[in-house]
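Take a look at the structure below.
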Amino acid sequence: MCVCAYIYLCLYIDVWILGCSFICTYVLIYIYMLTCIYTYTLVGPPFYQQFKFKTVAIRNPTQANMVGMQEFRFFDSAGIPIIVETAMNPGGEQPGVLGVHTPNKLIDGIVIYASEVDAAKTSKWLDMKKSNVIFTFASLVRVASYEWVTCEDLPDRDPVSWEIEGQVTIGDAWTLLQRVSNYPTTSSRSATVRFQIWPSEGKYTYVCIFM
């Protein structure tokens, strides 16, 4: 091979390699331009003043003619309890002595265990109509999670399907926040059942590619 041909071949190879390099660089720049990386802060759940617990189904309606719970608690995104001002049960019907199994028992902070049960220590809500329980706060609050406590007796009364709704101010329309269906509620007595209805606060990083 003559010297000129060799030189031309080397130049051709160099140009080809350089061209590939430019192409690769362009592709990388293009992908970079189409890729966005951003961080946002989740500020927390919306504000509501009232929350509604709607019983949809209990564990064994053929064996129990009412729904029952001991306690109901609400928490903010940091897991701090939020104090409920009132608990009402419009249209509800409590069995037995008047005032014993009313919805205010859900927020009295008392949990009774089977070994402690007697007429003087009963603290639970029962409702033969399975009507809604409406929890009202003194002001607008942000609820991220909630929990309720099973009764000390009769697992057949435990809720297994329910809905949680929120109302910004009294008299406004209700907003469905969570629907739970056929949940395997524990059969343990005086046990806590906890649910998250809003993610915890924090920062999240997302990578998105637009094609």
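The values are calculated or read from the model by the stated rules, or taken from the named source; none is laboratory data. Just so we're clear, the structure is a prediction, and the values are computed from it rather than from any experiment. Neighbour counts are summed over all protein chains in view; Cβ atoms, including those assigned to glycine, are modelled from backbone coordinates with ideal geometry.
Restricting attention to the stretch 122-135, does a residue exist that is over 22 Å from THR185 (Cβ atoms) and surrounded by fewer than 19 Cβ atoms within 10 Å (Cβ to Cβ)? No, the stretch 122-135 contains no residue that is over 22 Å from THR185 (Cβ atoms) and surrounded by fewer than 19 Cβ atoms within 10 Å (Cβ to Cβ). Residues that are modelled with pLDDT under 90, surrounded by 15 or more Cβ atoms within 10 Å (Cβ to Cβ) and over 23 Å from ILE58 (Cα atoms): does the stretch 179-200 have at least one? Yes, the conditions are met somewhere in the stretch 179-200. Among the residues making up the stretch 145-169, a single one is in a strand (DSSP E or B), more than 19 Å from SER131 (Cβ to Cβ) and among the acidic types (Asp, Glu): GLU147. State yes or no: is PRO155 assigned by TED's automatic domain parsing to the domain that holds ALA78, modelled with pLDDT of 95 or more and under 17 Å from ALA64 (Cβ atoms)? Taking the combined requirement at face value, the residue satisfies it.
With respect to PRO81, is the statement that it is assigned by TED's automatic domain parsing to the domain that holds THR55, loosely packed, with under 12 Cβ neighbours inside 10 Å and touching a Phe, Trp or Tyr at 6+ places or on another chain (Cβ under 7 Å) true? Criteria met by PRO81.
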